[in-house]
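Following: one structure in structure tokens, then a few remarks.
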Amino acid sequence: MAETLQMGLPGFDPPTPTDRLMFLLYPDAQTAEQIAREARRLKESLGLRGQPLLTDRFHITLHHLGDYVGLPNDMVAKGKMAGAALAHAPFEVVFDKAVSFANRPGNNPFTLQGGEGVAALIDFQKALGLKMAGAALKPDKQFLPHITLLYDGQVVPEQAIEPIRWTVDRFVLVQSKLGQTQHIVLAEWKLG
């Protein structure tokens with residue numbers, strides 16, 4: 001299949017991407033509610049102004065497949081091939097701290113992160129990356145497992161929280177409509 005190219009014409013700005021392809025993990029509904037409660041508690045106790053993400057938007061990004069103008073069918077097909085090729089057992093993930101990324105002045109992501117409790121998640125992300133490479137996709141080289149709770153002007157130093165844990169038993173390929181806070185699940189794979 002031909003590679004999707006994102007080039008503009010000389011003298012013209014390239015078109016603005018409208019769609020992002022990603023592999024994500026979503027927590028189960030009960031865990032998502034627990035994350036939402038923790039987001040509200042932390043917002044209140046730390047005096048943050050940002051609004052927590054909607055409960056069904058909490059996720060862990062495993063790999064970006066790129067930003068595109070429209071949905072590139074060749075990249076979707078490669079993503080589906082990589083996802084289907086991964087055979088992996090379910091695993092537990094534990095997030096036990098909250099901390100800001102100080103990389104967007106005035107709009108810093110405030111996140112859940114973990115220590116030893118994300119080791120199996122890191123292994124899973126690497127295993128998926130190998131399957132992506134086998135499907136002629138470029139896996140993300142850097143991976144800091146996190147769940148964004150909200151965006152805020154403050155930069156919050158690391159805080160210990162009551163651990164939030166769940167067993168990961170599926171992952172998804174998602175089309176994100178850029179600027180529209182909309183995720184469309186294109187494919188889903190169960191683990192085990």
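The values are calculated or read from the model by the stated rules, or taken from the named source; none is laboratory data. Values in this document were obtained by computation on a predicted structure and should not be read as measured data. A quick note on method: Cβ atoms are made from the backbone with ideal geometry, for glycine too, and the neighbour counts reach across all protein chains shown. Side chains included, ligands, DNA and RNA excluded: accessible areas come from the protein's heavy atoms. Shrake-Rupley method; radii C 1.70, N 1.55, O 1.52, S 1.80 Å.
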Volume per residue (Å³) of the convex hull spanned by the alpha carbons of segment 54-192 is 119 Å³
Any idea what angle helix 29-46 forms with the longest principal axis of the chain, computed on alpha-carbon atoms, 0 to 90 degrees, nearest 10? 60 degrees
Cut-off 10 angstrom, C-alpha nodes, Gaussian network model of the chain. Which of Gly134, Gly117, Gly179 fluctuates the most? Gly179
Positive end of the charge dipole of segment 34-125 (Lys, Arg +1 and Asp, Glu -1 on Cβ, about the Cα centre): tell me which of Phe110, His88, Leu62 has its Cα farthest that way. Phe110
Contact order normalised by length for the chain, with contacts defined as Cα pairs under 8 Å and 6 or more residues apart; what percent is it? 30 percent
Cβ-placed point charges (K, R +1; D, E -1), dipole of the chain about Cα centre in debye, nearest 20: 120 debye
Here segment 8-85 gives, from Cα atoms, an Rg and Dmax in Å of 17.9, 52
Which residue fluctuates the most in the chain, going by a Gaussian network model with Cα springs under 10 Å, if the choices are Asp19, Asp152, Asp123? Asp123
Going out from 0 in 5 Å bins, what whole percent of all Cα-Cα distances in segment 95-157 drops into each bin? 4, 18, 20, 17, 16, 14, 9, 3, 0
If you place +1 on the Cβ of every Lys and Arg, -1 on the Cβ of every Asp and Glu, and leave all else neutral, what size is the dipole of segment 117-183 about its Cα centre, to the nearest 20 Debye? 400 debye
Mean ellipticity per residue at 222 nm, deg cm²/dmol - from DSSP H runs of n ≥ 4 across the chain, formula -39500 (n - 2.57): -8000 deg cm²/dmol
Past the 31 Å Cα-Cα mark, which pairs from Lys43/Lys131; Lys43/Lys190; Lys80/Lys141; Lys141/Lys177? Lys43/Lys131; Lys43/Lys190
Among Gly47, Thr18, Gly192, whose Cα projects farthest towards the positive end of the dipole of the chain, with charges put on the beta-carbon of Lys, Arg (+1) and Asp, Glu (-1)? Thr18
Along the chain, longest interval not containing exposed GluC sites (Glu not before Pro), exposed being DSSP loop plus at most 11 other Cβ atoms within 10 Å: 4-157
Please give the per residue volume of the convex hull enclosing the alpha carbon atoms of segment 131-191, rounded to a whole number of Å³. 165 Å³
Roll a 1.4 Å probe over the protein heavy atoms and report the accessible area of Arg104 in Å², nearest 10. 110 Å²
